[in-house]
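The values are calculated or read from the model by the stated rules, or taken from the named source; none is laboratory data. Please read all numbers here as calculations on a predicted model, not as lab measurements. Neighbour counts run over all protein chains shown; Cβ positions are idealised from the backbone, glycine included.
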Amino acid sequence: MLVIFNLTFTPGFRSTLALHTNLIQVAPIVIVATGMTLVIATGGIDLSVGVRARMDGRWEELKAGEVVLAAGAVHSPAILMCSGIGPSKTLRECGIDCLVDLPATGGNLIEHPIINVELHLQPQFRTVPDARHVTCCVRYSSEMVGAGLNDMIMIAMNLRGYDHASCQSGLISVSAFQAFSRGTVKLRSTDPEVDPDVSLCMLTDERDRVRLRDGARRVFALARHAGVQDITQRVTLGATDVSSEDPDDADLDRLLLEEVGDALHVSGTCRMGATDDPRSVVNADGCVLGVERLRVVDASIIPEDPRANTNLTTIMIGEHIADRMK
Ligand SMILES: Cc1cc2nc3c(=O)[nH]c(=O)nc-3n(C[C@H](O)[C@H](O)[C@H](O)COP(=O)(O)OP(=O)(O)OC[C@H]3O[C@@H](n4cnc5c(N)ncnc54)[C@H](O)[C@@H]3O)c2cc1C
């Protein structure tokens with residue numbers, strides 16, 4: 001199966017919704033600031049909302065008819081919590097007055113666990129730093145009960161980084177693109193400029209460990225293939241001493257826990273759902289439950305693992321909700 005997926009990365013800058021969606025047309029002011037809290041009017045009479053943001057070193061308050069928060073799956077829940085929207089107990093512990101008790105804020109963090117087998121390439125098969133890194137992806141189904149079609153992915157890469165040293169190796173990676181483990185985003189400070197604590201909690205769900213173990217065995221088999229052997233000097237499994245020959249489950253679990261990385265696909269922390277579902281933070285239009293004229297529109301509202309790369313998914317969320325706002 002050939003899969004075409006969106007691949008966009010410019011070192012130093014990345015922002016999906018601000019750049020790509022027609023949200024720009026419905027919300028013509030895009031605020032770029034270093035810190036931010038929301039100004040939420042309570043009491044139901046003054047429905048105005050706004051943003052308190054640090055701009056050019058000064059804190060400014062900007063009123064708006066409606067606020068669309070698109071700070072991504074790490075910072076959108078943090079901004080909500082700093083602004084008094086979130087789990088009341090946690091907010092109280094942080095010394096923040098709870099305006100709206102939304103217990104699910106910052107929970108349900110979805111990430112795709114990935115492990116890499118490193119192919120130390122013979123010199124004639126090495127590439128240059130700005131070459132395309134991903135060469136080919138293969139999606140496959142683990143067929144585990146409860147997992148959907150194409151829940152897994154293998155990714156072959158020409159190089160493992162962006163400098164000359166990184167061109168000495170290629171990678172074959174395997175990842176669970178339908179993860180069942182869930183992490184959290186928690187506030188560390190009431191200061192909106194302090195990043196929150198992020199716990200990815202990858203592989204905490206047994207279903208992810210079972211499928212990634214199986215995925216690792218499939219990649220090891222590929223690495224032993226003559227075609228791979230012909231272009232490599234040696235093959236290693238990260239920094240562990242686990243052998244690719246015939247690792248048992250315990251060795252594989254050690255490898256997975258030491259080597260697992262994230263696929264940079266964090267989502268789910270302001271979950272979209274039914275208004276009476278305690279797991280929900282926003283409704284089907286991205287509106288924050290219990291708050292007038294405030295929406296979250298970014299990867300944080302993805303309710304379940306999209307079983308896909310998250311950039312196009314997030315762009316389509318932006319396009320869809322922007323259409324509903326017109
Ligand atoms: C290095 C990297 C490579 C990736 N490669 C791919 C890929 O190849 N394919 C793919 O499908 N996905 C990829 N992803 C994932 C994809 O980029 C994200 O899923 C997507 O960008 C999420 O969009 P978003 O709008 O939710 O958040 P973002 O795109 O992260 O946008 C959030 C914006 O809010 C800003 N912000 C945050 N907090 C504040 C604040 N307090 N004040 C002001 N601004 C704030 C951030 O600076 C950022 O610009 C990659 C991610 C990374 C990090």
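How many of the residues making up the range 299-312 are buried (at least 18 other Cβ atoms within 10 Å of the Cβ) and out of contact with any helix residue (DSSP H, G or I) (no Cβ under 7 Å at 6 or more places or on another chain)?
5
Identify all residues within the range 52-74 that are within 9 Å of the ligand (Cβ to nearest atom) and β-branched (Val, Ile, Thr); write none if there are none.
The one that is within 9 Å of the ligand (Cβ to nearest atom) and β-branched (Val, Ile, Thr): Val74.
What residue, of Ile115, Ile79, Ile85, Ile96, is more than 30 Å from Arg211 (Cβ to Cβ) and away from the ligand (no atom under 15 Å from the Cβ)?
One residue alone meets the criteria, Ile96.
From the list Ala274, Ala284, exactly one residue is surrounded by 13 or more Cβ atoms within 10 Å (Cβ to Cβ) and at pLDDT 95 or above. Which is it?
Ala284
Return yes or no: is Gly170 at pLDDT below 95 and either assigned by TED's automatic domain parsing to the domain that holds Val117 or over 30 Å from Pro123 (Cβ atoms) (or both)?
yes
Would it be correct to say that Arg160 is in contact with an Asp or Glu (Cβ under 7 Å, 6 or more places away or on another chain) and under 30 Å from Glu60 (Cα atoms)?
It is false that Arg160 is in contact with an Asp or Glu (Cβ under 7 Å, 6 or more places away or on another chain) and under 30 Å from Glu60 (Cα atoms).
For Leu255, which of the numbered conditions (1) surrounded by 21 or more Cβ atoms within 10 Å (Cβ to Cβ); (2) modelled with pLDDT of 90 or more fails to hold?
(2)
Each row is one residue, and each column tells you yes or no for (1) of a type outside the set (Asp, Glu); (2) loosely packed, with under 15 Cβ neighbours inside 10 Å; (3) in contact (Cβ under 8 Å) with a residue 24 or more places away in the chain; (4) not assigned by TED's automatic domain parsing to the domain that holds Pro306.
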site	(1), (2), (3), (4)
Leu69	yes, no, yes, no
Ser76	yes, no, yes, no
Pro87	yes, no, no, no
Cys137	yes, no, yes, yes
Ser142	yes, no, yes, yes
Ala147	yes, no, yes, yes
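Determine which member of the set Gly290, Gly273 is away from the ligand (no atom under 16 Å from the Cβ) and either touching a Phe, Trp or Tyr at 6+ places or on another chain (Cβ under 8 Å) or closer than 29 Å to Met152 by Cβ (or both).
From the options Gly290, Gly273, the qualifying one is Gly273.
Only one of Arg324, Arg295, Arg307 is in a strand (DSSP E or B) and either without any contact (Cβ under 8 Å) to a residue 60 or more places away in the chain or within 16 Å of the ligand (Cβ to nearest atom) (or both). Can you tell me which?
Unique residue meeting the criteria: Arg295.
Output yes when any residue across the range 250-264 is within 16 Å of the ligand (Cβ to nearest atom), in contact with a His (Cβ under 9 Å, 6 or more places away or on another chain) and more than 19 Å from Arg207 (Cα to Cα), and no when none is.
yes
Got a sec? Which of Arg307, Arg293 is at pLDDT 95 or above and at positive phi?
The conditions single out Arg307.
Can you tell me which residues in the range 209-222 are farther than 11 Å from Val174 by Cβ and touching a residue at least 60 places away in the same chain (Cβ under 8 Å)?
Passing the criteria: only Val210.
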